[in-house]
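For reference, the structure is listed below as structure tokens.
Just so it is clear, none of the values below were taken in a lab; they were calculated from the coordinates. From a predicted model like this one, the values you see are computed outputs, not experimental measurements. FYI the Cβ positions are ideal-geometry reconstructions off the backbone, even for glycines, and counts take in every protein chain you see.
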Amino acid sequence: MSVEGRDILFVSIGLLALFNGLMVVTLSLVWLERKFLGRLQGRVGPTRVGPFGLLQAVADALKLLLKEDVSPGPSARAIFYVAPLLVFVPGFVVWLTIPFARELVVRDLELGLFFFIAFSVLSIVGMVLAGWSSASKYAVLGGFRSAAQLVSYEIPIIMALLSVAILARSLNFVEIVDAQGTVPYAAVLPLALVVFLIAGIAEVGRTPFDIYFAESEVVGGPFVEYSGAHWAVFFLAEYINTFVIALLTALLFLGGWRWPFGELPDVAAVALLLGKTYAVVLIIFWIRASYPRLRIDQLMGLGWKLLIPLSFTAVVAAAVQQFYGWPIWSLTLLSAAALAVPCYLQVRRQREPAMERARRYARQAIAHRARSAPTSDTPQVESTAG
């Protein structure tokens, strides 16, 4: 077998193993989310199907595959059936260059971070086409909302990744992880971590950013007309992209497979990386259980008025620190200060209505006491004996 044929065989085997692994990850995330949300909400979650309810996600997947797959009569059939793949495939292709350990990666690209950015934005096309091809006004509206949301939150994600690349001076994932040998970038640049995590949750459409398929507003978003296996593809893409965001957070900000006590064997390194990844996944699920859905104007305002300026601040801070050679702790101080200002303004803004009510109640209480208290000018009526 030639060298090219052997490379194609190895890549094919790697892609097949990666696809099967992602299916297992998706099932684990579905089960974990149900159990974790049940714990947070005082419920038990899945318990009936399989031990500890582990087979509940498998049963749901089989149900979706066996459901009747229908499409609207006036829909554009070819685009209607291709759109789910356009949403799923970019989320799968980015795994070609994402490593699980130093040697455990399908293709270790020097421009791996750039490759991820280039392919991750293509899912927007699938969302828009899914809404347009459904011949439904609700689906079209959901497609437009998804395009506005995804385009808006791509900017802070890209800028946060750029700040990490400036610190590591590389676009290679393995080199970025190696640059965090002693101190993870979560401690060096917490501003970029917060921006990336919030924008990443919005990018995959998790609560409280599930605007484009908000059931109470647009029925079901761009895939309201889908059913069965095609709807399951959208569902699968959401969980795979959620895992991608969590894994990138672990790689770029939490040190990946490294820890401060030396090198680990490959199995232990993969276990450490997955432990960090699932910890981030639990944070994403916790945010879903804690916050209500934003309005569309609140969503766009958060992206354009807060996250984008903060992401540019992170890039400028990283560039200045690298250019002038300042100590690394100076970047931590700059990042913490940039985070503290919007947090203070937000807390003050949220407290203002409550403080205004408190001041109004205090004025009313003072006025009430002033009306009910006797004054010194009131004449005293003397009683006389008859």
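Among the numbered conditions (1) surrounded by 14 or more Cβ atoms within 10 Å (Cβ to Cβ); (2) more than 21 Å from A232 (Cα to Cα), tell me where L22 comes up short.
Only one criterion in (1) surrounded by 14 or more Cβ atoms within 10 Å (Cβ to Cβ); (2) more than 21 Å from A232 (Cα to Cα) is unmet by L22, namely (2).
Testing F88 on (1) surrounded by fewer than 16 Cβ atoms within 10 Å (Cβ to Cβ); (2) more than 30 Å from V315 (Cβ to Cβ); (3) of a type in the set (A, V, I, L, M, F, W, C); (4) within 20 Å of the chain's Cα centre (by Cα), one condition comes back false. Which one is that?
Among (1) surrounded by fewer than 16 Cβ atoms within 10 Å (Cβ to Cβ); (2) more than 30 Å from V315 (Cβ to Cβ); (3) of a type in the set (A, V, I, L, M, F, W, C); (4) within 20 Å of the chain's Cα centre (by Cα), F88 violates only (1).
Whether any residue in region 22-40 is on the phi > 0 side of the Ramachandran plot and more than 19 Å from the chain's Cα centre (by Cα) is what I want to check. If you could, list the steps in order and put the result at the bottom.
Applying the first criterion (on the phi > 0 side of the Ramachandran plot) to region 22-40 yields none.
Checking region 22-40: not a single residue is on the phi > 0 side of the Ramachandran plot and more than 19 Å from the chain's Cα centre (by Cα).
Report, ordered by the first and then the second residue, all pairs with beta carbons closer than 6 Å, sequence separation of six or more or different chains, a first member in region 285-310 that is surrounded by fewer than 16 Cβ atoms within 10 Å (Cβ to Cβ), and a second member that is in a helix (DSSP H, G or I).
Cβ pairs passing all conditions: A289/L37; A289/L40.
Run V267 past the list (1) more than 17 Å from L339 (Cα to Cα); (2) buried (at least 17 other Cβ atoms within 10 Å of the Cβ) and report the number of the one that doesn't hold.
(2)
If a residue counts only when it is among the aliphatic types (A, V, I, L, M) and within 20 Å of the chain's Cα centre (by Cα), which helices (runs of 4 or more DSSP H) contained entirely in region 166-252 have at least 1 such residues? Let's see the steps before the verdict.
On the way: elements: 173-178, 185-188, 190-204, 215-218.
In region 166-252, 185-188, 190-204 are the helices (runs of 4 or more DSSP H) which contain 1 or more residues that are among the aliphatic types (A, V, I, L, M) and within 20 Å of the chain's Cα centre (by Cα).
For the list (1) buried (at least 22 other Cβ atoms within 10 Å of the Cβ); (2) touching a Gly at 6+ places or on another chain (Cβ under 8 Å), I need the number of the one condition that E238 fails.
Of (1) buried (at least 22 other Cβ atoms within 10 Å of the Cβ); (2) touching a Gly at 6+ places or on another chain (Cβ under 8 Å), only one is false for E238: (1).
When both residues are 6+ apart or on different chains and their Cβ atoms are under 9 Å apart, which pairs have a first residue that lies in region 160-178 and is without any contact (Cβ under 8 Å) to a residue 24 or more places away in the chain, and a second that is among the hydroxyl-bearing types (S, T, Y) and surrounded by 22 or more Cβ atoms within 10 Å (Cβ to Cβ)?
As it stands, the answer is A168/Y185, since those pairs meet every condition given.
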